[in-house]
Amino acid sequence: MSPAVTVGIVACAAYLIGSLPFAYTIVRAVTGEDITDHGTGNIGAMNVRRTTGSWAWFIVAMSADILKGFVPVLLAGTAVQALGGADALIIPARQAAIAGTVLGHNYSLWMAIKKHRFTRTGKGLATGGGALLAYDWRYAVTVVIVGLIFIAVTKYMMAGQVAGALTLPVVALVLRSPDWPFALAMGLVVYAAHHKRFIGMLQGREPKFYIADRMGPRG
């Protein structure tokens, strides 16, 4: 099996796992409602909080989304070996798993089947964080710290989310890691999912601590 096919299989498997709509399933089971009709319309943990009003269910959804990022990256090396790939493919496969699981959350195949349309379904923060934790904990820890600092200072969830995403390539450069082009690409992918509302925040349309349904914009 060629290296490209091996890495492609890992990426596709990660995408399918990342596509699992845990937030949608939780809200449907708890309230009987469709999470995409509430809050931002995304299938993320914060929208579970907006829809259910429960921090407990937020934690459950957040944990599930973190795990669906963590597990594919953790197992990517094992998958490469099972597919007969060389050890040199492990790093590319793990990076492919990160990209696959984040894109799966952001553009869920299962939600596309459910809704009969393919559109953006999330922003990939928790899932990406879990993936980074499995890849190199220093990325995950730094992104979380920077994100929380920005939220605490600005009182805007969006500011912390964007700051965390754009911290990725900075961390790679500080660590003098050859991963910096990949870190830059993933940071831009996550930022792109936030761009519309980030611009809205700069224009005064994003509420501080947007944690309640009907409190702010969709997207």
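The values are calculated or read from the model by the stated rules, or taken from the named source; none is laboratory data. All values derive from a computational prediction rather than experimental measurement. Please note: Cβ atoms are built from the backbone with ideal geometry, for glycine as well, and neighbour counts cover all protein chains shown.
Annotations
- Ala61 being small (Gly, Ala, Ser), part of a helix (DSSP H, G or I), within 24 Å of Leu173 (Cβ to Cβ) and in contact with a Phe, Trp or Tyr (Cβ under 9 Å, 6 or more places away or on another chain): no
- Residue in the range 120-147 that is surrounded by the fewest Cβ atoms within 10 Å (Cβ to Cβ), counting only those that are in a helix (DSSP H, G or I), free of Cβ contacts under 8 Å to residues at least 60 places away in the same chain and not aliphatic (A, V, I, L, M): Trp137
- Only one entry in Thr40, Thr51 is part of a helix (DSSP H, G or I), touching a residue at least 24 places away in the same chain (Cβ under 8 Å) and of a type in the set (S, T, N, Q), namely Thr51.
- When the range 78-110 is filtered for residues that are of a type in the set (Val, Ile, Thr) and surrounded by fewer than 19 Cβ atoms within 10 Å (Cβ to Cβ), the ones remaining, listed by number, are Thr78, Ile90, Ile91.
- Inter-residue pairs, beta-carbon under 7 Å, first under 20 Å from Thr36 (Cβ atoms) and free of Cβ contacts under 8 Å to residues at least 60 places away in the same chain and in the range 6-24, second among the aliphatic types (A, V, I, L, M) and surrounded by fewer than 24 Cβ atoms within 10 Å (Cβ to Cβ), 6+ apart: Phe22/Ala64
- With respect to the conditions (1) charged (D, E, K, R); (2) closer than 23 Å to Pro21 by Cα; (3) touching a residue at least 40 places away in the same chain (Cβ under 8 Å), Arg117 falls short on a single one, namely (3).
- Residues that are surrounded by fewer than 21 Cβ atoms within 10 Å (Cβ to Cβ) and farther than 20 Å from Gly100 by Cβ, drawn from the range 164-179: Leu166, Val170, Leu173, Val174, Leu175, Arg176, Ser177, Pro178
- Which listed residue is surrounded by fewer than 21 Cβ atoms within 10 Å (Cβ to Cβ) and either more than 15 Å from the chain's Cα centre (by Cα) or modelled with pLDDT of 95 or more (or both), from Ala192, Ala152: Ala152
- Single unsatisfied condition, Asp87 versus (1) charged (D, E, K, R); (2) within 25 Å of Arg197 (Cβ to Cβ); (3) modelled with pLDDT under 95: (2)
- Every residue from the range 158-200 that is more than 18 Å from Leu132 (Cβ to Cβ) and touching a Pro at 6+ places or on another chain (Cβ under 9 Å): Lys196, Arg197, Gly200
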